[in-house]
Structure formats: structure tokens, C-alpha cells
Amino acid sequence: MQKKILEFDVVVLGSGAAGLSAALKLAEKGLSVAVVTKRDIFDTNTRYAQGGVASVTDKDDSFDAHVKDTLTAGDHLCKADVVRRIVEAGPAAIRSLEKYGLHFTKRGEIGEEKNASGYDLGKEGGHSARRVLHSGDITGEEIEKTLVGACRRQPRIEIFENHVAVDIITSAKLGWMGEDFALGSYVLDAKSREVRTFVSAATVVACGGAGKAYLYSSNPDVASGDGIAMCYRAHVPILNMEFFQFHPTILHHPKEKSFLISEALRGEGARLLVRGADGRLREFMENYHHLGALAPRDIVARAIDNELKRSGQESAFLDITGKSRDFLRRRFPGIFAKLMSLGIDMSKEPIPVVPAAHYCCGGAQTDYAGRTSIRGLYVAGESACTGLHGANRLASNSLLEALVVAKFAAEHISANFKGLRGERPSGRIPLWRSGNATNSDELVVVSHNWEEIRKFMWDYVGIFRTNKRLERAKNRIKNIRKEIEKYYWDFHLTRDLVELRNLSSVAEIIVDSSLGRKESRGLHYNADYPDRDPDMDGVDSVIKKPYRS
Ligand code: SIN
């Protein structure tokens, strides 16, 4: 018989860079930790990150420059104090990864500068210096492998795979009086289909982003906005969800819908091209920004979108044929191999690319240490909105944020653990109740709703928005949400149903946040308000679930 109630000092929901880093730091402080992850532990967004970790390590670079680039990309919406804290904590986060065994590529390993020393630093859009540490172009996979290995060696960490977090248990939701505390979480064991109660003095939500709200995305299927939706249901304010980042260069190929072609290619000189009416490929980014193909991501993605609409072409192209085959194979082993498997030799021909949903800059409101409005509830990584990214994330700042905020959160939890445990209200936490649930024989509804959401989000809430499009999306999502909520309480929980409910909730928050912002800024472009409103500098959008609903 499986235990229905489990107790740990801390429960971490999610197994990407943020979740596993937090788990390790907490365990190293002597706390018992559960890592709850809804599929295989490797099944995370982190694993697909290619570019790397932005951090100042070069003598010609500076914290001031990294802060400035982050603020510029964020378009007057970043929190400057948070930016500085996170940027300055970067080098320690790099050392910590190396301590766990991660190897970052060094100069001299790539082939062109055989005797050079130090890190081989990549360059990406919006960065004024080479500062992206990488492990070839499979940095995320290497980070994930390293952290999983370290967690598996750590006796204070227990890993629960195929366990889907359903909801955070808070004292306010149970109707208990006094300060609102996080008491644990309800978690669905996807195999036994039982909902188990995880009781903990602190909960760290690190469930990643919500790219699957869009038809075309670089994200894997797990990116269904679980952390953000759970925080919303726990009444944590959700900030800035209109700022959804579209990566400019996802491979356009009938057999591969979400394969990223790293911005690091442009850092190594790749040119962005579009086919003109005469059939010739030509560059176009100089017409949009003085940094050309290395302009901030929002500008490049919108420029490609505009060029494709104008020319009627299906894709743009990235041309890196100026580099040798040997260099490309060493610097971009993952991309090179993937393209070769599809019959594209990047050393000889341009790569077809299109923009696609990539990163959610908004999320649950936290401070730099992942603290939320609920005592004992912390959020780190893509589920959080710390204020680092503002209206547009600077490339490769996401892994940096995930690692640093996870560490700060773990430090805060362990330093305040006595209070978290001792001051929380005591009482019996009820077991999960699923009403009159029966087994669903209409699973097709789940997949149809999922598809419908992703289509209208792409059509109406994408790179180019208008009031009319957003209103259309609002009507659609309202009806779908009603249907899903009814379905949710009438049928036994499955992982698909939990994900669909979360995804639809996050889609609705994105639509509402977009409707609420009556200006264009960073990643949010509404043709009915094409300009930035200076009065809105530093003003976040806030969506909060009312207590009585
Ligand atoms: C990339 O390699 O282009 C992605 C990096 C990022 O999203 O920060």
C-alpha cells in the first residue's frame, strides 16, 4: 500500500535547473527534500536550452555592462535592484555548477584558437560583450545531467517521478485564520492515479514555463504553465504575462516543429535572410535596428514576422556557410547533427527558420529570493516573475536566473526554517476530494480543447496583436475555461486533464494581461496602441484570483 500522506522539510515541484539547484542547496543545509516531477526527471525545458548561461567572467566585461544590457532589453520594466543582485551572483552560480561536475567549453576546444585559455564565451542578441558560457550547444542537457547526478547522490533528496502537482495547499484556502502559509501540495501519482498529500514547511515551485499555450513553440510538451496556474489558484499575484517571448529562429521543417536554432549562431556571424520577389536571398535586419541580426529578440522576431507577411514566404533563413564545417561541428554539435539527420548541411546551405513561442517573462510575483506573498511558498525559474526580465528577457539570462534565485531561495528557507515550521498554523490537512468523479470516456475533449487553445493563442495573442484579436481570444477562452472546469470536477484526474486545466488558465491570464496593457512595450505589440507609454514605465500588469470566486 502506498503512503497517502508524506512529510518532508521542503517539497520542490519541478526538476529543471531551478528545482534541482534548490533541492541540492536545501539538502546541503541538512533539510529533507522531495523533488516532485510529472514525467521522467529529465523531461524539462532546461534540457532543451542551447545558448548557455549569461554571466560576467571576462576581464573586459563588467557587471555594469551586463546590468545595462538586461535593463535595455527589458524596456523600462525590469526591477533594477533585482537585476543587479542576480547579475552579480552569476559567477558563484557558475562555480557551483562546476563543483557538481559541469564542463563549460573552453577556448581552444573549438578549433580556431588552439592555445587560447579561459571560457569560450558566446554572444547573443542584446549583449554588448561575449559573456555566454556554454557546453557546446547542449548546455541545458549538460546542466540537467549534472544536477540530476548530484541529486541522485544526495541522500537527503527523494525523487518522485510521474508525480503531477495538482495544487498548493495553503491555510487561507483551507479557511484557516491568520497569516497565509503554504502547508504542502496535492500530487497525483500518474501511475496509481491516486492523489497524495505532501506536507512540508516550505514549497518551492519550479515548474517552468507555458510555451505549449501556443501552436508553434520551442518548448517540450511539459511546458503547460503548471506552476503559474497553481500559484494563481493559491491567490499569488501573477505579473506581466503579456510578455511572452518569441524566439526568432526555430527550425522550419515538416518533420521537426520545435527545434531551436540557437541565437549563438548569429553571435558567430550567421546572417538572417529573407527571399525577395526576384527569388534572391537578402539581409534585412539593418533596416530595423543598428545591431542588425543581434538586436534584442523582440525586435528580431517582429522583423521576421513582418518580412514574412510582406513577402508571403513561409520562412526566413540563417546563413552560417561562412564558417568552416569543422568549426560548426565542434561549436554546434547538437544542431549540426540534427540538421544533417534532416538532410541539411549547415556549412553549405542556409537554414530555414521561423519565430515561435519560447519563454514566459511573466509569472508568479516574487522577490529576488523567490519569496511570494504566502509564507513558505517560493517560486524560481520560468514560473516566477522576479523583475529580472521586464518586458523582454535578455538571451541566456534565464538559466542564470534559475540558478541564482534557487540558491537565494534555499538560503532563505534554511535561515528561516525554525519560523516556517514553528509558526505555521496547526490543524488536520484534509485529503484530496474529487467530488463525484468518474472515469472519463471523453478524452477526445481534452485533446480538442488543447489544440483549440494553442491555435487561437497563436492567431490572436502572438507577435502582432490588436484589440479585436484579443477580444476574440477572450471570448474563446472564456467558454473553454467553463467547459474544462466542469470536466475537471466530474472526472477522475489524469495528467492530461491537470495540464489542460493549467494551460487554459494561463492562456486566459495571458489574454487578460494583454488586454489590460494599453501600449506597446518589449514583447507586447498591439497595433491599436503602437507606442510605449512613458507613464507605464515600471508598471507591472497584475492578475490576482479574488478570494471569493
Ligand atoms: C538560444 O540558444 O538561442 C536560446 C537562449 C535563450 O533563450 O536564452
Filter pass, Arg330 being farther than 30 Å from Glu242 by Cβ, more than 26 Å from the chain's Cα centre (by Cα), open to solvent by 10 Å² or more (accessible area, probe 1.4 Å) and modelled with pLDDT under 95: yes
Would you mind stating whether Leu273 is crowded, with 20+ Cβ neighbours inside 10 Å and out of contact with any Ser or Thr (no Cβ under 8 Å at 6 or more places or on another chain)? yes
For the stretch 222-261, how many residues meet the condition of being within 16 Å of the ligand (Cβ to nearest atom), assigned to a loop (DSSP other than H, G, I, E, B) and open to solvent by 10 Å² or more (accessible area, probe 1.4 Å)? 3
Whichever residue in the stretch 262-283 is away from the ligand (no atom under 16 Å from the Cβ) and assigned to a loop (DSSP other than H, G, I, E, B) and, among such residues, is nearest to Asp540 (Cα to Cα): Gly276
In the stretch 356-367, is there at least one residue being over 20 Å from Pro220 (Cα atoms) and within 16 Å of the ligand (Cβ to nearest atom)? no
Residue, farthest from the ligand (Cβ to nearest atom), within the stretch 368-414, restricted to residues that are over 22 Å from Ile169 (Cβ atoms) and hydroxyl-bearing (Ser, Thr, Tyr): Tyr368
Counting only residues in the stretch 199-221 that are closer than 20 Å to Phe160 by Cβ and surrounded by fewer than 24 Cβ atoms within 10 Å (Cβ to Cβ), the one nearest to the ligand (Cβ to nearest atom) is identified as Pro220
Over the stretch 174-198, the set of residues in contact with a helix residue (DSSP H, G or I) (Cβ under 8 Å, 6 or more places away or on another chain) and surrounded by fewer than 19 Cβ atoms within 10 Å (Cβ to Cβ) is Ala190
Residue that is least open to solvent (accessible area, probe 1.4 Å), among those in the stretch 52-107 that are among the acidic types (Asp, Glu) and more than 16 Å from the ligand (Cβ to nearest atom): Asp61
Across the stretch 1-26, the tally of residues that are surrounded by 24 or more Cβ atoms within 10 Å (Cβ to Cβ) and closer than 14 Å to Ala410 by Cα stands at 13
Are there helices (runs of 4 or more DSSP H) fully within the stretch 421-517 with at least 2 residues that are over 21 Å from Gly362 (Cα atoms) and touching a Lys or Arg at 6+ places or on another chain (Cβ under 7 Å)? List them. 467-490
Determine whether the stretch 123-132 contains at least one residue that is within 14 Å of the ligand (Cβ to nearest atom) and either in a helix (DSSP H, G or I) or among the hydrophobic types (A, V, I, L, M, F, W, C) (or both). yes
Determine whether the stretch 472-494 contains at least one residue that is of a type outside the set (A, V, I, L, M, F, W, C), more than 21 Å from Ala210 (Cα to Cα) and open to solvent by less than 60 Å² (accessible area, probe 1.4 Å). yes
If Glu307 passes every condition in (1) among the charged types (D, E, K, R); (2) open to solvent by less than 40 Å² (accessible area, probe 1.4 Å); (3) under 21 Å from Thr72 (Cα atoms); (4) away from the ligand (no atom under 15 Å from the Cβ) but one, which one does it miss? (3)
Taking the criterion of being modelled with pLDDT of 95 or more and under 28 Å from Arg282 (Cα atoms), would at least one residue in the stretch 374-392 satisfy it? yes
Which residues, taken from the stretch 519-540, are farther than 12 Å from Arg465 by Cβ and open to solvent by 20 Å² or more (accessible area, probe 1.4 Å)? Asp531, Arg532, Asp533, Pro534, Asp535, Met536, Asp537, Gly538, Val539, Asp540
So which residues in the stretch 163-173 are under 24 Å from Lys418 (Cβ atoms) and open to solvent by less than 10 Å² (accessible area, probe 1.4 Å)? Ile168, Ile169, Thr170, Ser171
Of everything in the stretch 334-343 that's touching a residue at least 12 places away in the same chain (Cβ under 8 Å) and farther than 30 Å from Gly390 by Cα, which residue is least open to solvent (accessible area, probe 1.4 Å)? Leu339
Scanning the stretch 284-325 residue by residue, the ones that are β-branched (Val, Ile, Thr) and assigned to a helix (DSSP H, G or I) total 3
For the stretch 361-384, the count of residues that are closer than 16 Å to Ser513 by Cβ, out of contact with any His (no Cβ under 8 Å at 6 or more places or on another chain) and open to solvent by less than 10 Å² (accessible area, probe 1.4 Å) equals 5
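The values are calculated or read from the model by the stated rules, or taken from the named source; none is laboratory data. Since the model is a prediction, treat every value here as computed from it, not as a measurement. Methodologically, a virtual Cβ is constructed for each residue, glycine included, from the backbone with ideal geometry; neighbour enumeration extends over all protein chains shown. What goes into the accessible areas is simple: the full protein's heavy atoms, side chains included, and nothing from ligands, DNA or RNA. Shrake-Rupley method; radii C 1.70, N 1.55, O 1.52, S 1.80 Å.
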